[in-house]
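For reference, the structure discussed in these notes is given below.
The values are calculated or read from the model by the stated rules, or taken from the named source; none is laboratory data. Predicted model only: the values in this text are computed from it and were never measured. Heads up, the Cβs are rebuilt from the backbone with ideal geometry, glycines too, and the neighbour counts pull from every protein chain shown.
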Amino acid sequence: MQGFDRRIKEAMRLRSITQLGLSSLISVSQPEISYYCRGKAYPRVGVIQQLAYHLNVSYLWLKYGTGEVTTKKEDLIKSFHLSFQERLVWLLWNNNTSPVKLAKSLNCSSTTVSHWCEGDRVPNLSNSLILADHFNVELDWLIEGNEKYLTYEQANELNISVRDFIRYLKQDLRYDDLIR
């Protein structure tokens with residue numbers, strides 16, 4: 001990613017932290033941090049999340065160069081949830097697990113989980129349901145990042161027709177249109 005090397009160096013300067021100090025906070029060696037700073041390597045999503053968190057800078061700024069440099073911790077963590085890939089990596093990091101451990105518990109290959117984490121592939125619906133259950137999150141949030149979800153019981157209370165509720169589940173009808 002063009003400019004990442006400049007942004008990580010700027011973040012480290014703002015926080016007065018050395019490469020060695022930063023490497024001790026995250027699961028990356030000092031030489032790897034040096035590669036990032038020189039533009040010789042680009043970190044994976046999970047590492048960028050950890051870098052942003054420990055440097056207390058905006059994930060969006062660090063990864064893409066957009067937005068403000070600094071941010072509040074709660075806004076920082078929300079920015080980790082932009083894509084399925086970022087939500088999955090955040091769940092792994094937040095639950096202190098690895099793609100290998102997750103693959104064992106899902107009974108699939110670690111390569112498959114790694115592809116999901118890298119954004120090369122997305123899980124099918126069956127695996128998505130298992131992932132949502134495994135991490136105790138809503139399927140809608142995991143897939144779409146949508147924190148607004150509706151249960152069948154809530155739909156009944158709002159007098160929403162079964163037909164419209166099924167359209168909502170199939171994602172033919174948005175949440176905001178459904179509750180109008």
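Before moving on, here are some points about what is shown:
- Test result for residue 80, modelled with pLDDT of 80 or more and under 21 Å from residue 58 (Cα atoms): no
- Tabulated pairs, region 1-30, first assigned by TED's automatic domain parsing to the domain that holds residue 41, second among the hydrophobic types (A, V, I, L, M, F, W, C) and not in a helix (DSSP H, G or I), C-beta under 6 angstrom, 6+ apart or interchain: 11/57
- Only one of the numbered conditions (1) modelled with pLDDT of 80 or more; (2) part of a helix (DSSP H, G or I) is violated by residue 90, and that is (1).
- Taking first residues from region 38-61 that are assigned to a loop (DSSP other than H, G, I, E, B) and partners that are β-branched (Val, Ile, Thr) and modelled with pLDDT of 85 or more, the Cβ contacts under 8 Å between residues at least 6 apart in sequence or on separate chains come to 43/28.
- Assessment of region 125-146 against the conditions (farther than 21 Å from residue 26 by Cβ, over 22 Å from the mean Cα position of the chain (by Cα) and either at pLDDT 80 or above or part of a helix (DSSP H, G or I) (or both)) yields no matching residue.
- Residues that are free of Cβ contacts under 8 Å to residues at least 12 places away in the same chain and not in a loop (DSSP other than H, G, I, E, B) within region 94-111 comprise 94, 101, 103, 104, 110, 111, listed in sequence order.
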